[in-house]
Amino acid sequence: MKHNHHNEQRYTCPMHPEIVKDEPGNCPKCGMNLVPVDANEKEHSQLQHLHTDNIIEASSHEEHVVEQRNTQGFQKYTCPMHPQIIQDGPGQCPLCGMSLVPIAKPVTHGGHEAHSSGIADFKKRFYVVLFLTVPIMLLSEMIQHWLNIHISFAGSNYVLLILSSVVFFYGGWPFLKGLIGEMRAKNPGMMTLVAFAISIAYIYSLAIVLGLKGMDFFWELATLILIMLLGHWIEMKSVAGASRELELLVQLLPDDAHLINGDTITEVKTDSLKENDVILIKPGEKVAADGIIVDGESYLNESMLTGESKPVEKSKGDKVIAGAINGNGAIKVAVSHGVKDSYLSQVVKLVQDAQQSKSKTQLIADRAARWLTLVAIVAGVSTFLVWYLSGKGLAFSIERMVTVIVICCPHALGLAVPLVVAKSTALSAKHGLLIKNRTAFENARKITTLVFDKTGTLTVGKFEVSKIVSLTEGLSEHELLKYAAALEQNSEHPIATGIMQKAKILAIQIPVVGDFNAITGKGVEATIEGNDIKIVSPGYLKESNVELPDDYMTDASETVVFVLINNQLAGYIALSDTIRPESAEAIRSLGIDNIKSVLLTGDNKRVAETVARKLGMDFFFAEVLPHQKLEKIKELQAEGEFVAMTGDGINDAPALAQANIGIAVGSGSDIAAETAGIILVNSNPQDIVSFIQFGKATYRKMIQNLIWATGYNVVALPLAAGVLYKMGILLSPAAGAVLMSVSTVVVAINASLLKIK
């Protein structure tokens, strides 16, 4: 017998990882061949005994680990300073010329996230410049005068020039490079202004060393570049945090998958999976591809994909989404399509498209940023001329010009909207709100009337048992349902499906049926447990002169079938397209926001009126054909209403296209989704309320950022120009750089605070 268990080969079942044996063989539960398992896999198999919630809690920590991806279709690159720029490969930002960096970052040992190359570069340059700034300041006459010290030696001014040149060319290189990029893109902005300011300071100081009379600008140049590097380092970290939601979506897809080939399992790359491949998803793992479960059952956490916080029970025949986290059961999944066509891939693409699309608010901000760049140049030159012509020295006048130009950098304004866009679009995707049209999303604040399709939107879209009533003493509701389920178990009719679903939920044992017979157009009958059982329509009762009890009541929206035992009325079962439990609260919330709710349905007036009354809706349109739905939307718009329409079917597509904002529920048709600007993954009416509230919150964030990004200039620019100079208040170029950087950081932090309630 072996005693060294650390070295012996162990075997486990792919479908039942709790089965671990010392020798190969067959699984005692399912008969599959056991496969080799190492110590780590054995340890992982113990997850089979953990509660699903514990697995989900553990998986939440994965959000803090960012993986380097090489998966086809998922490696994206972005500009560190312009997060709205996203492309599939490396390159340069068309706005500022900076090198694009991977959107996902590698994991370092110890579990700490490595800095992206852009952030790390600014950090390194900052420390180098900081090291050089100390001797530069000590060799500067102005600083020596303030500190009452004297440091001078032969060639000290040339040492100062050399150190300052290193600071200018090394520390200032990102800005000089950005200037070239912005000029090529014919889009002058922040990099142009900073490069212009430091170049003037350097060239003027160089001229002083070479013989021009005056005082050099080297310490101001060094501190200005130092502060700008520090500011950009902090800004880029803030930007990374504000736009991190897209990274989290990208990282949901695992790198590897367990491909099943007969009785063997092979580790393959996720991007190599193709349609009809069968893969194994072990407990606690992420689903590697969209597909259908062919064996096994489990609870899946889809919260990062749909916003549904509760684990969803999945069994054979159910669809699964790539990126969902498996619970405590092993499942086999038949792949529906490759990675590029997966739901997650489509969501990421949709988010990227929305982030790169520009709404009216973004276009206004872009124009304002261009104007602010022009204002900065004009104000800087004007400030120089005013001070120089008024008798102030060249150095003083240049210092004022540089400070004004730095203060007016439109960086905060340029990021004000894109950061909110990056945050809101990806954040909404994680909560089941997919934004196709940015303008429609921002216009949510204008909605005055919300039009609902009924079936599949306010209701679940299928017949469900809403009432079981026994009319016979001693006969329970469960027994009544048992007889009905026995008769309906082989039928595909929606009523039969609803009854069988209820019986399954209540775990009712179906008895044996004999002498089954269909009563044409009226129902079915059979012998069950020695009794003659019939399930019939109201028409059969009328023809057979069977009277209904005095207290019989039914809803106009319900369909009722009656159960007869030995030709005696034993009870009835009511079915209806059940109203979603969230619908009433959603309608109430809309009312609080002064948004009118309207029901638009092809159902008859009695059903529409019943549903509208139950939910407290303002009014309804019934018996409306598809083309008439569009006309009803036009009528509301003609009355001055800003109309949002939500629906899930092909017949809703024209109305969705006509509405000011079209909202398609995700369970609906592709045509409905194509014509709508917003897609709700969960078909939950509460998500519509969340969409409107989040749209309003997003717009508020944009306006707040725009106000801050432009408003601080009202105070800072005059101070930079020196209007309070006679009162002893004067901003240095370094102080101007601090203010400019702080304004950008405030914008980034404000965007990162955006939340979905």
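A few points about this structure:
- Pick from region 140-173, criterion modelled with pLDDT under 85 and closer than 16 Å to ALA222 by Cα, ranking: surrounded by the most Cβ atoms within 10 Å (Cβ to Cβ): SER140
- When residues in region 128-164 are screened for being among the polar types (S, T, N, Q) and touching a residue at least 40 places away in the same chain (Cβ under 8 Å), 4 of them pass.
- All conditions but one from (1) modelled with pLDDT of 85 or more; (2) part of a strand (DSSP E or B) apply to VAL560; the one that does not is (1).
- Pick from region 588-611, criterion modelled with pLDDT of 80 or more, in a loop (DSSP other than H, G, I, E, B) and of a type outside the set (S, T, N, Q), ranking: nearest to LEU656 (Cα to Cα): ILE595
- Of the candidates SER238, SER298, SER315, SER272, the single residue that is at pLDDT below 80 and small (Gly, Ala, Ser) is SER238.
- Contacts under 8 angstrom Cβ, first residue in region 737-757 being more than 27 Å from ALA197 (Cα to Cα), partner of a type in the set (D, E, K, R) and in a helix (DSSP H, G or I), 6 or more apart: ASN750/LYS701; ALA751/LYS423; ALA751/LYS701; SER752/LYS423; LEU753/LYS701; LEU754/LYS423; LEU754/LYS701
Quick grid of which residues meet (1) under 16 Å from ILE688 (Cβ atoms); (2) at pLDDT 85 or above; (3) assigned to a loop (DSSP other than H, G, I, E, B):
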{"position": "VAL420", "(1), (2), (3)": "no, no, no"}
{"position": "SER424", "(1), (2), (3)": "no, no, no"}
{"position": "PHE452", "(1), (2), (3)": "yes, yes, no"}
{"position": "GLU464", "(1), (2), (3)": "no, no, no"}
{"position": "LYS467", "(1), (2), (3)": "no, no, no"}
{"position": "GLY498", "(1), (2), (3)": "no, no, no"}
{"position": "ALA503", "(1), (2), (3)": "no, yes, no"}
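- Matching residues, region 628-651, being open to solvent by less than 40 Å² (accessible area, probe 1.4 Å) and at pLDDT 85 or above: ILE633, LEU636, GLU641, VAL643, ALA644, MET645, THR646
- Residues within region 612-627 that are modelled with pLDDT of 80 or more and open to solvent by less than 70 Å² (accessible area, probe 1.4 Å), tallied: 7
- Among residues that are among the β-branched types (Val, Ile, Thr), open to solvent by 10 Å² or more (accessible area, probe 1.4 Å), assigned to a helix (DSSP H, G or I) and touching a residue at least 12 places away in the same chain (Cβ under 8 Å), VAL194 is not included.
- Within region 577-611, considering residues that are among the small types (Gly, Ala, Ser) and open to solvent by 10 Å² or more (accessible area, probe 1.4 Å), the one nearest to LYS454 (Cα to Cα): GLY602
The values are calculated or read from the model by the stated rules, or taken from the named source; none is laboratory data. All values reported here derive from a predicted model rather than from experimental measurement. Heads up, the Cβs are rebuilt from the backbone with ideal geometry, glycines too, and the neighbour counts pull from every protein chain shown. Side chains included, ligands, DNA and RNA excluded: accessible areas come from the protein's heavy atoms. Shrake-Rupley method; radii C 1.70, N 1.55, O 1.52, S 1.80 Å.
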